[in-house]
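The structure under discussion appears below in the form of structure tokens.
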Amino acid sequence: MEYASPANILSDSVFKCVDELRLPLINRFYASCNYNVKCGRHDRVYSLSLKGEIIAAARLMPYPQGYFVLRNLCVAPEQRNQGVATSLLTQILLELSLVNLPLHCYCFALSHLQNFYVALGFKCLSLDQVPQDIAEIHIRNCARKRGWILMGYGNN
């Protein structure tokens with residue numbers, strides 16, 4: 001699915017769910033932003049482009065239990081602090097709700113981004129509010145002192 005962004009946010013940008021054949025372009029975008037990411041063929045990857053250039057991307061990793069983990073939300077450095085991440089994530093959540101996919105999404109947010117995610121409808125969660133595999137990932141992250149906050153969107 002591809003469509004223009006809302007008129008009030010980045011009116012010239014194009015949002016799309018990236019097909020598997022175009023994942024190398026997303027991987028190159030991540031590399032240009034100094035992210036060491038390789039999208040998997042089962043990931044749901046989304047992008048925002050401006051004048052044909054990718055300016056933001058995010059991937060949702062599906063889990064067999066029917067939920068997603070949001071990973072690698074990235075905006076090109078020159079496009080940051082302009083509402084690009086908000087636009088991308090808002091459109092992702094809207095698309096997921098329109099195609100009747102289960103809208104259970106978790107993420108591990110850096111503490112300085114907590115308010116960003118809360119403004120988009122995510123909630124801070126405790127370990128007993130998430131599936132066991134998500135809790136285990138969060139425990140491992142905390143052991144590595146990454147300082148991520150466990151958050152969720154949907155009927156979590």
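The values are calculated or read from the model by the stated rules, or taken from the named source; none is laboratory data. Keep in mind the model is a prediction, meaning the values are calculated, not measured. Every residue, glycine among them, receives a Cβ derived from its backbone with ideal geometry; neighbour counts consider all protein chains shown. With ligands, DNA and RNA removed, areas are computed over all heavy atoms of the protein, side chains included. Shrake-Rupley method; radii C 1.70, N 1.55, O 1.52, S 1.80 Å.
General remarks:
- Among the residues of region 20-41, those identified as modelled with pLDDT of 95 or more, more than 15 Å from the chain's Cα centre (by Cα) and either part of a loop (DSSP other than H, G, I, E, B) or within 17 Å of L89 (Cα to Cα) (or both) are C33, N34.
- Whichever residue in region 62-73 is in a strand (DSSP E or B) and open to solvent by less than 50 Å² (accessible area, probe 1.4 Å) and, among such residues, is nearest to L96 (Cα to Cα): F68
- Residue that is farthest from Y153 (Cα to Cα) [pool: residues in region 120-133 that are assigned to a helix (DSSP H, G or I) and in contact (Cβ under 8 Å) with a residue 12 or more places away in the chain]: D133
- Test: residue in region 42-50 that is in contact (Cβ under 8 Å) with a residue 24 or more places away in the chain, open to solvent by 10 Å² or more (accessible area, probe 1.4 Å) and farther than 22 Å from L94 by Cβ: no
- Criterion violated by L50 - all others in (1) closer than 26 Å to I137 by Cα; (2) touching a Ser or Thr at 6+ places or on another chain (Cβ under 7 Å) satisfied: (1)
- Residue, most open to solvent (accessible area, probe 1.4 Å), within region 146-156, restricted to residues that are closer than 23 Å to G66 by Cα and in a loop (DSSP other than H, G, I, E, B): N155
- Selection within region 87-112: residues that are part of a helix (DSSP H, G or I), of a type in the set (A, V, I, L, M) and open to solvent by 60 Å² or more (accessible area, probe 1.4 Å). The member of this set that is modelled with the highest pLDDT is L94.
- For region 74-86, the tally of residues that are open to solvent by 10 Å² or more (accessible area, probe 1.4 Å) and either part of a helix (DSSP H, G or I) or in contact with a helix residue (DSSP H, G or I) (Cβ under 9 Å, 6 or more places away or on another chain) (or both) stands at 6.
- Every residue from region 114-145 that is of a type in the set (D, E, K, R) and open to solvent by 50 Å² or more (accessible area, probe 1.4 Å): K123, D128, E136, R140, R144, K145
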